Amino acid sequence: MKVLTTGGAGRISSTVASARIDFATTPVILDNLSTGNAEFVEDRIFYRSDIADTELDRRIFAEHPDLDAATHCAALAAMEEPVREPLAYYRENVAKTAALLENLVESGRRRRAQY
Ligand SMILES: NC(=O)c1ccc[n+]([C@@H]2O[C@H](COP(=O)([O-])OP(=O)(O)OC[C@H]3O[C@@H](n4cnc5c(N)ncnc54)[C@H](O)[C@@H]3O)[C@@H](O)[C@H]2O)c1
């Protein structure tokens, strides 16, 4: 079983991806490396792209027909800037999540990953 794992080059999601491997599922990582660490995805299935890139999302779904769930941790995670620039963070984190979810639903994938 494969699980789309967004933000998999980041702190939280790279750990989630490791746990996933421990539980015999394969993470398919989608991360634009805006803040992530490329070393965390070196030995993993990895697509460098934005979560809201519909064309690439569709390519991932086509290349991994056995991908049937998703864990979404890609985000700009900062403490102070979002307070000063809330709309920019809504655009990045909320609007792009909506686009990703639309792409997942369009592809028929509606499940959250369960361990
Ligand atoms: N670190 C913590 O202690 C902690 C605690 C609770 C919740 N969280 C939440 O977990 C999430 C991840 O936090 P983190 O600490 O791992 O952050 P992080 O910056 O280490 O990881 C986020 C990853 O998402 C990627 N990313 C960001 N925007 C993207 C986009 N549009 N498309 C593709 N990839 C994108 C980044 O490149 C990065 O690899 C955030 O929502 C954060 O609020 C973090």
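Coordinate-derived values only; no laboratory data. Bear in mind that the values here come from a model prediction, so they are computed numbers and not experimental data. Every residue, glycine among them, receives a Cβ derived from its backbone with ideal geometry; neighbour counts consider all protein chains shown.
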Practice prompt. May I ask you to evaluate 6.51 cos²θ - 1.76 cosθ + 1.60, the Karplus curve with θ = phi - 60°, for each residue of the stretch 92-108 and list the ³J(HN,Hα) values in order in whole Hz, giving x for glycine and proline?
Written response: 5, 9, 8, 5, 5, 5, 4, 5, 4, 4, 4, 5, 5, 5, 4, 7, x
Worksheet item: Can you work out the FRET efficiency for the pair Ala88 and Arg59, with r the C-beta to C-beta distance and R0 = 30 Å, to the nearest 0.05?
Response: 0.65
Worksheet item: If you place +1 on the Cβ of every Lys and Arg, -1 on the Cβ of every Asp and Glu, and leave all else neutral, what size is the dipole of the chain about its Cα centre, to the nearest 20 Debye?
Response: 340
Fill in: Backbone HN-Hα couplings from phi across the stretch 29-37 [Karplus 6.51/-1.76/1.60, Hz, Gly and Pro as x]
8, 10, 7, 8, 6, 5, 10, x, 10
Worksheet entry | 5 angstrom amide H check on Ile29, placed H, neighbours 5+ away | Thr5, Ile45, Phe46, Tyr47
Discussion item. Can you tell me the orientation of helix 54-63 relative to the chain, as the angle in degrees between its alpha-carbon axis and the longest Cα principal axis, to the nearest 10?
Written reply: 20
Worksheet item: Excluding Phe61 itself, what net charge comes from residues whose Cβ is under 13 Å from its Cβ, given Lys and Arg +1 and Asp and Glu -1?
Response: -3
Worksheet item: If contacts are Cα pairs under 8 angstrom and at least 6 residues apart, what is the relative contact order of the chain in percent?
Response: 30
Practice prompt. Give, to the nearest whole percent, the P(r) tail of the stretch 2-106 beyond 23 angstrom, counting all Cα pairs.
Written response: 24
Worksheet entry | Sparsely packed chymotrypsin sites (Phe, Trp or Tyr not before Pro) within the stretch 11-74, loop by DSSP, other Cβ within 10 Å at most 14 | Phe23
Worksheet item: Want the number for Ala95 to Glu80: 0.36 nm per residue separation, take away the alpha-carbon distance, what's left?
Response: 3.4 nm
